[in-house]
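Peer 1: Got a structure for you, written out below as structure tokens; questions coming shortly.
The values are calculated or read from the model by the stated rules, or taken from the named source; none is laboratory data. Being a predicted model, the structure only gives us computed values, none of them experimental. Ideal geometry is used to build each Cβ from the backbone, glycine not excepted, and the neighbour counts take in all protein chains shown.
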Amino acid sequence: MSGSTLGTLFRVTTFGESHGPAIGCVVDGCPPGMALAEADIQPELDRRRPGTSRHVTQRKEDDKVEIVSGVFEGVTTGTPIALLIRNTDQRSKDYANLLNTFRPGHADYAYHHKYGLRDPRGGGRASARLTAPAVGAAAIARKWLREHCGTTFAGHMTQIGTIAIPFEGFEHVPNNPFFAANASDIARLEAYMDQLRKDGDSCGARVDVVARNVPIGLGEPLYDKLDADIAHAMMGINAVKGVEIGAGFAAVEQRGTTHGDELTPQGFASNNAGGVLGGISTGQDITVSLAIKPTSSIRSPRRSIDLEGKATIVETLGRHDPCVGIRAVPIAEAMLALVLMDHVLRHRAQCGDVRLAVRPIPARAP
């Protein structure tokens, strides 16, 4: 299957299926000489793994990562790094009723017509389970970027279904099951999710992610723009149906006097561009927002067809997230890290010798 690799110099290829014996990835292009162990990767996988609260799928996977190549005596060698995550809690029998039919809103119908067959167990390659290897690979990128560029990443859920979540501070994100930068609205969110599960239904979400201390000059004009590659990677996340950079669709109603980020000796006056101008990073924060659709696998009966095109009713059993957006925050952070890591290496390869007499202005005005 093509389409399993992301990146040019920092290349990540994932493998596996939701209910296969294991999932994983091969990371090619990581610079040599960086200290790396499973302990550097596991915390990010723990943030994403299932079964962490009653509001997500109750599939119990430890997601313990194994580094099986590319590291010698605790240091990256510059050769491909293979990460392996074993599946331990598959319940394939839950999908027996889907062998001859298609779940509305899921990839079943499209996969069947493209490949002539499909793996219905948990969605196979279409499962959000395949985001785990990408999160593992991004932990490597995040460590390198932090050590060499000072770049850091943060994300939070800003809306779940019809409920907008007011921002109160990133310090709250690790302290609730929704990755919300909020402490006062958690009870309301929990009640909303409990009712959704009782209804056998699902909802969408909005997730915002930011990268700080991003080097200036990442990205190339036209078809390799940094924001284009970010959007490409984000749309590769399961269930993402929309991506905004900076002001995004709000730019439609803005005037040029508002949208254009003024430059002062003290820094940029605003960041409607989301840290990217002409496809190249400005040194400002990279800001990205994702629109995530409702989970397609739900208990409520839905109309569909079988393999012969006859009408049928589908009820999806198994264990599913009523809102896949809940666990999307670490995934969105990961995809942004993978893109920035690739572009940092690409920029270093072509423009590493560029020196300017004029110092760049600060990312933001005080």
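Peer 1: With in contact with a Pro (Cβ under 9 Å, 6 or more places away or on another chain) and under 30 Å from residue 108 (Cα atoms) as the only criterion, which of 202, 281 stands out?
Peer 2: Only one candidate passes the filter, namely 202.
Peer 1: Same structure, new question: Looking at segment 337-366 only, could you name the residues that are loosely packed, with under 14 Cβ neighbours inside 10 Å and part of a helix (DSSP H, G or I)?
Peer 2: 349, 350, 351
Peer 1: I'm trying to understand the selection: among the residues of segment 245-277, which are closer than 29 Å to residue 348 by Cβ and touching a Gly at 6+ places or on another chain (Cβ under 8 Å)?
Peer 2: 245, 246, 271, 272, 273, 274, 275, 276 - these are the residues of segment 245-277 that are closer than 29 Å to residue 348 by Cβ and touching a Gly at 6+ places or on another chain (Cβ under 8 Å).
Peer 1: Condition test on residue 140, is it farther than 30 Å from residue 88 by Cα and among the β-branched types (Val, Ile, Thr)?
Peer 2: On the way: farther than 30 Å from residue 88 by Cα: no; among the β-branched types (Val, Ile, Thr): yes.
Judged against the criteria, residue 140 is not a match.
Peer 1: Taking segment 10-24 as the region of interest, how many residues are over 15 Å from residue 233 (Cα atoms) and in contact with a helix residue (DSSP H, G or I) (Cβ under 9 Å, 6 or more places away or on another chain)?
Peer 2: The total comes to 8.
Peer 1: Go through (1) at pLDDT 95 or above; (2) assigned to a loop (DSSP other than H, G, I, E, B) one by one and return the number of the condition residue 63 breaks.
Peer 2: (1)
Peer 1: Take the residues in segment 195-220 that are over 23 Å from residue 166 (Cβ atoms), surrounded by 15 or more Cβ atoms within 10 Å (Cβ to Cβ) and of a type in the set (Asp, Glu); name whichever of them is modelled with the highest pLDDT.
Peer 2: Only one residue fits best here, namely 220.
Here is a yes/no grid of residues against (1) within 30 Å of residue 360 (Cα to Cα); (2) touching a residue at least 40 places away in the same chain (Cβ under 8 Å):
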| position | (1), (2) |
| --- | --- |
| 177 | no, yes |
| 184 | no, no |
| 193 | no, yes |
| 210 | yes, yes |
| 214 | yes, yes |
| 233 | yes, yes |
| 241 | no, yes |
| 248 | yes, yes |
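Peer 1: When residue 270 is evaluated against the numbered criteria (1) out of contact with any helix residue (DSSP H, G or I) (no Cβ under 7 Å at 6 or more places or on another chain); (2) within 21 Å of residue 154 (Cα to Cα); (3) in contact (Cβ under 8 Å) with a residue 24 or more places away in the chain; (4) not aromatic (Phe, Trp, Tyr), which criterion, by number, is the only one it fails?
Peer 2: The failed condition is (3).
Peer 1: In addition: Within segment 168-190, identify whether any single residue is in a loop (DSSP other than H, G, I, E, B), β-branched (Val, Ile, Thr) and modelled with pLDDT of 95 or more, and answer yes or no. Steps first, answer last, please.
Peer 2: Here is the first cut: in segment 168-190, the residues in a loop (DSSP other than H, G, I, E, B) are 168-169, 176-179, 181-185.
Then keep just the ones that are β-branched (Val, Ile, Thr); that gives none.
Looking through segment 168-190, none of the residues is in a loop (DSSP other than H, G, I, E, B), β-branched (Val, Ile, Thr) and modelled with pLDDT of 95 or more.
Peer 1: Taking interchain pairs and intrachain pairs at least six residues apart, which have beta carbon atoms under 7 angstrom, with the first residue in segment 1-27 and outside any loop (DSSP other than H, G, I, E, B) and the second of a type in the set (Asp, Glu) and surrounded by 17 or more Cβ atoms within 10 Å (Cβ to Cβ)?
Peer 2: Note: pairs meeting the criteria are 11/28.
Peer 1: Condition (residue is closer than 28 Å to residue 282 by Cα and not in a helix (DSSP H, G or I)) applied to segment 119-141: is it met by at least one residue?
Peer 2: no
Peer 1: Among the residues of segment 274-302, what is the count of those that are farther than 18 Å from residue 154 by Cα and part of a loop (DSSP other than H, G, I, E, B)?
Peer 2: Within segment 274-302, residues that are farther than 18 Å from residue 154 by Cα and part of a loop (DSSP other than H, G, I, E, B) number 12.
Peer 1: Related question: Among the residues of segment 273-294, are any in contact with a His (Cβ under 9 Å, 6 or more places away or on another chain) and either among the charged types (D, E, K, R) or farther than 20 Å from residue 246 by Cα (or both)?
Peer 2: Scanning segment 273-294, I find no residue that is in contact with a His (Cβ under 9 Å, 6 or more places away or on another chain) and either among the charged types (D, E, K, R) or farther than 20 Å from residue 246 by Cα (or both), so the answer is no.
Peer 1: Under 9 Å between Cβ atoms, at least 6 apart or on separate chains: pull out the pairs that start in segment 65-90 with a residue that is over 16 Å from residue 30 (Cβ atoms) and touching a residue at least 40 places away in the same chain (Cβ under 8 Å) and end on any residue that is aliphatic (A, V, I, L, M) and surrounded by fewer than 14 Cβ atoms within 10 Å (Cβ to Cβ).
Peer 2: Sorted first by the residue in segment 65-90, then by its partner, the pairs are 84/68.
Peer 1: Shifting gears a bit: Out of (1) among the acidic types (Asp, Glu); (2) assigned to a helix (DSSP H, G or I); (3) farther than 16 Å from residue 208 by Cβ, what's the single condition that is false for residue 261?
Peer 2: So residue 261 meets the others, but not (2).
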